[in-house]
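A short write-up of the structure that comes next.
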Amino acid sequence: MYLYDVIVIGGGPAGLMAAISAKNLGAKKVCVFEREDRLGGMLNEHIHNGFGIKTFGQELTGPEYIERMIETLVKNNIEYRVGTTVLTLNNDKEITYVNEDEGLIKVKAKAIILAMGCREKTVGSFNIPRNKCAGVYTCGIAHKFMNLEGFGG
């Protein structure tokens, strides 16, 4: 079984920063698991400026900010796997995950960071799942359709 110093579950901005911070604090083998096909989480949908001022000293779009973080991962030899679903996690810090390239794999870590982000959910009596009602969309799904999928506009 392969042993990591730190495994981060979630490849959004919090997960990427956690992996970079772990490496900067001395962790030698660090890996990020992301279930989507690309790193970045919700920031991939936010194509407007306003990100990166504190971290990189300049105003960036969400995708530009994530690209800088990915460059930092690569520069620091931090592994990442996209399209990867974590199936189990136990008290012995063993993780079972699956992806198209590797199949079903079990790994162990000295530390695990959960950075799985959030899901947009409407509140109150207007309780509509993210993509279940035709013609009614939350802000998050509208961002995704317009900014990532090219619909609208």
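The values are calculated or read from the model by the stated rules, or taken from the named source; none is laboratory data. Being a predicted model, the structure only gives us computed values, none of them experimental. Methodologically, a virtual Cβ is constructed for each residue, glycine included, from the backbone with ideal geometry; neighbour enumeration extends over all protein chains shown. For the accessible areas, the whole protein counts, side chains as well, though only heavy atoms, and no ligand, DNA or RNA atoms are used. Shrake-Rupley method; radii C 1.70, N 1.55, O 1.52, S 1.80 Å.
Which of rounded, prolate, oblate describes region 11-78, given a ≥ b ≥ c as roots of the alpha-carbon gyration tensor eigenvalues and a/c under 1.5 marking rounded, otherwise prolate only if a/b is larger than b/c? Oblate is the answer for region 11-78, as a/c is 1.5 or above yet b/c matches or exceeds a/b. Using a probe of 1.4 Å on the protein chains alone, the accessible area found for residue 92 is around 90 Å². Remark: for residue pairs 28/108; 54/144; 54/75; 29/75; 23/144; 28/106, the C-alpha separation exceeds 24 Å in 54/144; 23/144. Using R0 = 25 Å, the C-beta based FRET efficiency linking residue 149 and residue 88 works out to 0.20. Gain on full extension, evaluated as 0.36 nm per residue between residue 36 and residue 1 minus their Cα-Cα distance, stands at 10.1 nm.
Taking all protein chains as they are arranged and a probe of 1.4 Å, the heavy atoms of residue 85 leave approximately 60 Å² accessible to solvent.
Between residue 17 and residue 102, the C-beta separation translates, for a Förster distance of 22 Å, into a calculated FRET efficiency of about 0.30.
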